[in-house]
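One structure below.
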């Protein structure tokens, strides 16, 4: 009986690609003391200021329960301002602070460099196909 070819298993390759992506992110943004999830939330708040915490967590595919702790860390850094919705005090609305806006804009450039480094081994057409196929795979599993 032949063993399972783990090195070519899609799940293993996706996990390895994610590890590489995080390592590139941390190498580029290590001085910012921010995680990929924290950056994704900052970016979502920048795109939708005043959005509610649960909707923004969903936009970055992060569970709402855990997002509160992540947002709390961003709030402690002075990058996020969280306020109760005046119409529903249970809902928390989020804004970037001026220093959060500045940090997010600075980090956006670094994150673009990370994406370019990640895709560097591929030519332009391969990178386009790769991202398209990953998007299709994720969308199909998010909306079965």
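The values are calculated or read from the model by the stated rules, or taken from the named source; none is laboratory data. These figures come from a predicted structure and were not determined experimentally. Here Cβ is always computed from backbone atoms with ideal geometry, including for glycine, and neighbour counts include all displayed protein chains.
Answer with yes or no whether residue 103 is touching a residue at least 24 places away in the same chain (Cβ under 8 Å), surrounded by 10 or more Cβ atoms within 10 Å (Cβ to Cβ), closer than 21 Å to residue 20 by Cα and in contact with a helix residue (DSSP H, G or I) (Cβ under 8 Å, 6 or more places away or on another chain). Against the criterion (touching a residue at least 24 places away in the same chain (Cβ under 8 Å), surrounded by 10 or more Cβ atoms within 10 Å (Cβ to Cβ), closer than 21 Å to residue 20 by Cα and in contact with a helix residue (DSSP H, G or I) (Cβ under 8 Å, 6 or more places away or on another chain)), residue 103 does not qualify. For the stretch 5-28, the criterion of a residue being in contact with a strand residue (DSSP E or B) (Cβ under 7 Å, 6 or more places away or on another chain), without any contact (Cβ under 8 Å) to a residue 40 or more places away in the chain and either assigned to a helix (DSSP H, G or I) or closer than 25 Å to residue 94 by Cβ (or both) is satisfied by no position.
Across the stretch 74-86, the qualifying residues are those that are surrounded by fewer than 17 Cβ atoms within 10 Å (Cβ to Cβ) and under 30 Å from residue 143 (Cβ atoms), and the one among them that is modelled with the lowest pLDDT is 85. Scanning the stretch 29-40 for residues that are in contact with a helix residue (DSSP H, G or I) (Cβ under 7 Å, 6 or more places away or on another chain), assigned to a helix (DSSP H, G or I) and either in contact (Cβ under 8 Å) with a residue 40 or more places away in the chain or surrounded by fewer than 13 Cβ atoms within 10 Å (Cβ to Cβ) (or both) yields 29, 32, 39. Note on the stretch 122-143: among residues that are over 18 Å from residue 61 (Cβ atoms) and touching a helix residue (DSSP H, G or I) at 6+ places or on another chain (Cβ under 8 Å), the one that is surrounded by the most Cβ atoms within 10 Å (Cβ to Cβ) is 127.
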